[in-house]
Each structure stands twice: as structure tokens, then as C-alpha cells.
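The values are calculated or read from the model by the stated rules, or taken from the named source; none is laboratory data. Remember, it's a predicted structure, so these values are computed and weren't measured experimentally. For neighbour counting, all protein chains shown are included, and Cβ atoms are generated from backbone atoms with ideal geometry for every residue, glycine included. Note: accessible area is taken over every heavy atom of the protein model, side chains too, but ligands, DNA and RNA are not part of it. Shrake-Rupley method; radii C 1.70, N 1.55, O 1.52, S 1.80 Å.
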Amino acid sequence: MLNIVMVGPPGAGKGTQAKMLADRHGYLHLSPGDLLRQAVKDGTALGLEAKDYMDSGRLVPDDLIIELISDRMRKAGAVPGMILDGFPRTLRQAEALDEMLRELGQRLDVVVEVDLPEEEAVLRLTGRRVCRQCGANYHLLFKPPQRPDVCDACGGPLYQRSDDSEETARARLQVYGKETEPLISYYSAKGLTRDLDGRGSVQEVAERLERLLGLR
Ligand code: AP5
């Protein structure tokens, strides 16, 4: 069982890489961002509570996130590995994760810190488009759909995330620096961090990640 945390600024490519790695190796991919967006779409109590935080680029309160992730982890069943993408983001969440894994008789193996210069992150965020139907990700410059605003995979309509405007993207990057970056020293002190250069094409980063994890 390989348990991986992916940490890095918004737009660094965590979601793109985590999904590819999970598909290739049968790992469970857990992303609080995806789960929260689904809850907002479904109009659940969690979604209603989380929406304002997400739209303004602030972090959703720790208790809600910890409950969401611990519930999913307990229901995970037998998988060869787990990739946590965007969790933990605060020290409190990191301590809660330690506890969750302890209860399951597991441990965290590696924390991948994805690095990307701020201006590249802003470019990736503001150009992102997402399929409203199947959730596939596109980018206006780096991965444009064949027909404007239409998903290549399912024909669904593409939209821009409400938190991907330039103003909110920059606010999210600031929140990352203030609230999440301190986690890196928490994990470095445990000897768990590995640096991943997030620059270059999706395929180049994917190969770098697999080498770093000893998977190729
Ligand atoms: P979340 O959805 O997790 O957003 P994020 O961390 O800001 O990450 P992103 O999805 O924006 O970026 P990413 O690094 O995954 O990049 P991606 O691969 O998509 O969280 C959203 C909100 O939910 C938070 O602001 C907060 O409110 C709440 N939340 C979530 N987790 C929480 C937690 N633990 N605690 C409290 N609140 C929480 O790529 C971005 C774009 O770039 C895409 O268009 C993609 O196609 C493109 N791209 C990717 N890689 C490349 C590449 N190599 N070259 C060119 N383009 C690329």
C-alpha cells in the first residue's frame, strides 16, 4: 500500500497528475476540491456551507474537510495505494490524517511537493475549462477542446470554475503561501517530502513523478 500526499499551489497540476497516476496504478484518488464541487452541484448541506469559502478562494473549515476525507478513507476498501490531492492543507488536517492512517493501521509514505512559478500557475488556472457533465479538464492554450466549449469526451458543455478568475486565483495562491506552505516543514522534519518540478508538458511531469516514486 502506497499512501501519497500531493501538495502544491493551485494550478500546479496536482489534480491532473493524481488522476493519471491513479488510473495507471489502480490507486484511490481523493480530492476534497472535487468532492466539494460535487456537493455544491448536488445542493447538499456540505455544499451550501462550503460554497462561499470556495468562491472567494478561502479554505473550507477544517472540521468539514476532516470529516469528509475520513469518511471516504474508511469506505475505501482494498486498494494498492491512495493519492490525497489537496489534503491536508493545514497543520490541523495533517495531524488528523496521521490519526486516520493510524486507525487504519497504515502510514503516509511520501509527500510530493509540486512546484510551479506563480505566473505559470495563474495562466493555468485562468485558462482552465471543465466539463459540466463528466468533469474532464481542458485548457484554452495547453489542452484546447476540438470544438469551442464542448467536451471531446462526452459532448457536455465546458465552463470556467467560479474560483478561476484572475482575482480569485491570486487570492488562492496567497492562501496557499500562508496556510499550506508551513506544512512542508512539518513533513520535511519527518523526512517525507520529495520535490516535483511542475513545469513542462503534462507527459513530462507524469514521467518525472513516476521516476520520483520509483514506479518506472
Ligand atoms: P482544489 O480543487 O483542490 O483547487 P486547488 O488546490 O486550488 O487546485 P487546482 O484544482 O486549482 O489545481 P491543480 O494543482 O489540481 O491543477 P490542475 O491539475 O487542475 O480546491 C478548491 C477549493 O476547495 C479551495 O480553494 C478551498 O476552498 C476548498 N478546499 C479544497 N481542499 C481543501 C482543504 N484540504 N481544506 C480546506 N478547503 C479545501 O491543472 C490546472 C490547469 O492546468 C488545468 O487546465 C490543466 O489542464 C492545466 N495543466 C495541468 N498540468 C499542466 C501542464 N504540465 N502543462 C500545461 N497545462 C497543465
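Observations on the model:
- Annotation note: Cβ proximity below 9 Å between a residue of segment 115-129 that is closer than 16 Å to Gly15 by Cβ and a residue that is hydroxyl-bearing (Ser, Thr, Tyr) and exposed (fewer than 15 other Cβ atoms within 10 Å of the Cβ) (sequence gap 6+ or interchain) occurs for Arg129/Tyr159.
- Number of positions in segment 126-148 that are more than 14 Å from the ligand (Cβ to nearest atom) and either polar (S, T, N, Q) or open to solvent by 90 Å² or more (accessible area, probe 1.4 Å) (or both): 5
- Residues of segment 56-69 that are farther than 13 Å from Val175 by Cβ, touching an Asp or Glu at 6+ places or on another chain (Cβ under 9 Å) and not aliphatic (A, V, I, L, M): Pro61 alone.
- Among residues that are crowded, with 17+ Cβ neighbours inside 10 Å, among the hydrophobic types (A, V, I, L, M, F, W, C) and either at positive phi or in contact with a strand residue (DSSP E or B) (Cβ under 7 Å, 6 or more places away or on another chain) (or both), Ile83 is included.
- All positions within segment 172-183 that are part of a helix (DSSP H, G or I), more than 9 Å from the ligand (Cβ to nearest atom) and open to solvent by 30 Å² or more (accessible area, probe 1.4 Å): Gln174, Gly177, Lys178, Pro182
- Filter result for the condition that a residue is more than 17 Å from the chain's Cα centre (by Cα), of a type in the set (Asp, Glu) and within 12 Å of the ligand (Cβ to nearest atom), over Asp55, Asp109, Asp63: Asp63
- Residue ID - farthest from Arg124 (Cα to Cα), chosen from residues in segment 187-216 that are open to solvent by 60 Å² or more (accessible area, probe 1.4 Å), within 16 Å of the ligand (Cβ to nearest atom) and without any contact (Cβ under 8 Å) to a residue 24 or more places away in the chain: Arg211
- Number of residues in segment 31-77 that are over 25 Å from Leu91 (Cβ atoms) and open to solvent by less than 30 Å² (accessible area, probe 1.4 Å): the value is 1.
- Which listed residue, of Ala39, Ala22, Ala50, is within 13 Å of the ligand (Cβ to nearest atom), touching a strand residue (DSSP E or B) at 6+ places or on another chain (Cβ under 6 Å), among the hydrophobic types (A, V, I, L, M, F, W, C) and not in a loop (DSSP other than H, G, I, E, B): Ala22
- Within segment 150-170, restricting attention to residues that are open to solvent by less than 60 Å² (accessible area, probe 1.4 Å) and in a loop (DSSP other than H, G, I, E, B), the residue that is farthest from the ligand (Cβ to nearest atom) is Gly155.
- Scanning segment 104-144 for residues that are hydrophobic (A, V, I, L, M, F, W, C), closer than 20 Å to Ala18 by Cβ and part of a helix (DSSP H, G or I) turns up Ala121, Leu125.
- In segment 143-160, the residues that are among the β-branched types (Val, Ile, Thr) form Cβ pairs under 8 Å with partners that are more than 13 Å from the ligand (Cβ to nearest atom) and open to solvent by less than 80 Å² (accessible area, probe 1.4 Å), at six or more places apart or across chains, as follows: Val150/Gly156; Val150/Pro157.
- Residue match in segment 60-74 (condition: touching a Leu at 6+ places or on another chain (Cβ under 7 Å), assigned to a loop (DSSP other than H, G, I, E, B) and at pLDDT below 95): no
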